[in-house]
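Worksheet: one structure, shown below.
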Amino acid sequence: MSTNGNQVVSPPEAVELPPTVPGRVVAAGAGWDWVVTGWSLFARAPLMWIIAIVVLVVLAIFVNVIPILGTLAFQLMQPVFTAGFVVGCRSLEKGGEFEIEHLVAGFSKHFVPLLVVGAITMLGWLAILLVFMAFVGMSLLGALLTGDANMVANAIATSLVGMLIGTLICLALVVPLMAAYWFAPALVMLSGMAPLEAMKASFFACFRNFIPFLVYSIVMLLALIVAMIPFGLGLLVWIPVAIASTYAAYRAIFTDPAA
């Protein structure tokens with residue numbers, strides 16, 4: 001349990017925000033407000049945010065040493081870690097601190113539902129990959145597996161049209177998948193929703209708020225370009241702001257702002 005002056009900040013187990021479903025429709029300017037709020041949450045504990053991101057990156061590198069299984073396991077756990085960041089945002093919002101323990105809060109609360117969100121999302125990505133391969137053809141996959149540069153180049157040349165069509169279709173499929181995932185970890189962790197219910201609510205909320213999300217995406221894309229300039233070091237700020245601003249959007253759309 002953390003303290004801030006005389007204020008006691010509840011541990012992760014006690015944090016709950018009753019959801020408003022299907023979620024509010026907010027004004028276009030809300031997209032900018034989410035970024036501002038995300039920056040504010042980052043600025044309250046910048047060092048801890050950066051440490052948490054570095055720890056997660058190191059963990060990802062360590063896990064990915066195990067071929068295929070390591071990558072799949074880390075992808076499966078992403079909602080669990082995201083839920084931990086959400087708890088950290090909630091603590092900061094209530095006047096508390098961002099602690100490294102928040103990063104693993106999802107392992108002690110709603111672990112299985114968060115894992116289900118990860119499994120559904122991972123299956124969605126695999127399905128999109130299969131769609132892409134159906135257009136590109138298995139010859140490219142076989143060439144990639146051989147590691148022969150000449151074979152890969154020939155396979156790409158012969159499947160260029162299919163690759164273009166497959167890429168466009170896959171991009172169209174990625175958008176609804178990301179919409180379903182976007183708020184799901186927060187809805188499961190802080191609002192206690194079931195995995196499928198949370199992903200459904202997230203999906204419809206994103207599309208009902210298309211304009212503010214468009215504003216948000218443009219602002220964050222411009223910020224990403226700036227963040228990449230100093231050897232990518234700006235990502236240590238951009239990623240926390242992206243996470244915190246997503247939390248701000250969740251609060252604005254699904255919960256009582258005064259909670």
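A single member of Val86, Val57 is at pLDDT 95 or above and within 26 Å of Leu222 (Cα to Cα), and it is Val86. When Ala186, Ala179 are checked against the criterion of being over 23 Å from Val104 (Cβ atoms) and under 13 Å from the mean Cα position of the chain (by Cα), a single residue qualifies: Ala179. Applying the condition of being part of a helix (DSSP H, G or I), touching a helix residue (DSSP H, G or I) at 6+ places or on another chain (Cβ under 7 Å) and open to solvent by 30 Å² or more (accessible area, probe 1.4 Å) to the range 106-117 and asking which residue is nearest to Val58 (Cα to Cα) yields Phe107. Residues that are farther than 30 Å from Leu126 by Cα and either out of contact with any Lys or Arg (no Cβ under 8 Å at 6 or more places or on another chain) or of a type in the set (Asp, Glu) (or both) within the range 68-115 comprise Gly88, Cys89, Arg90, Ser91, Glu93, Lys94, Gly95, Gly96, Glu97, Glu99, Ile100, Glu101, listed in sequence order.
Surrounded by fewer than 14 Cβ atoms within 10 Å (Cβ to Cβ) and over 19 Å from Met193 (Cα atoms), is that true of Leu103?
no
Among the conditions (1) closer than 26 Å to Ser108 by Cα; (2) surrounded by 16 or more Cβ atoms within 10 Å (Cβ to Cβ); (3) of a type outside the set (Lys, Arg); (4) modelled with pLDDT of 95 or more, the only one that Ser191 does not satisfy is (4). Taken over the range 12-29, residues that are at pLDDT 90 or above and not in a loop (DSSP other than H, G, I, E, B) amount to 0. Evaluate the range 58-75: report whether one residue or more is open to solvent by 70 Å² or more (accessible area, probe 1.4 Å), part of a helix (DSSP H, G or I), in contact (Cβ under 8 Å) with a residue 24 or more places away in the chain and touching a Gly at 6+ places or on another chain (Cβ under 8 Å). Yes - at least one qualifying residue is present in the range 58-75. With respect to the conditions (1) closer than 24 Å to Leu224 by Cα; (2) of a type in the set (Phe, Trp, Tyr); (3) open to solvent by less than 70 Å² (accessible area, probe 1.4 Å); (4) assigned to a helix (DSSP H, G or I), Phe98 falls short on a single one, namely (4). Among the criteria (1) out of contact with any Gly (no Cβ under 6 Å at 6 or more places or on another chain); (2) open to solvent by less than 20 Å² (accessible area, probe 1.4 Å), the one Tyr216 does not fulfil is (1).
The values are calculated or read from the model by the stated rules, or taken from the named source; none is laboratory data. Remember, it's a predicted structure, so these values are computed and weren't measured experimentally. Cβ atoms come from the backbone with ideal geometry, glycine included; neighbour counts cover every protein chain shown. Ligands, DNA and RNA are excluded from the accessible area calculation, which covers all protein heavy atoms including side chains. Shrake-Rupley method; radii C 1.70, N 1.55, O 1.52, S 1.80 Å.
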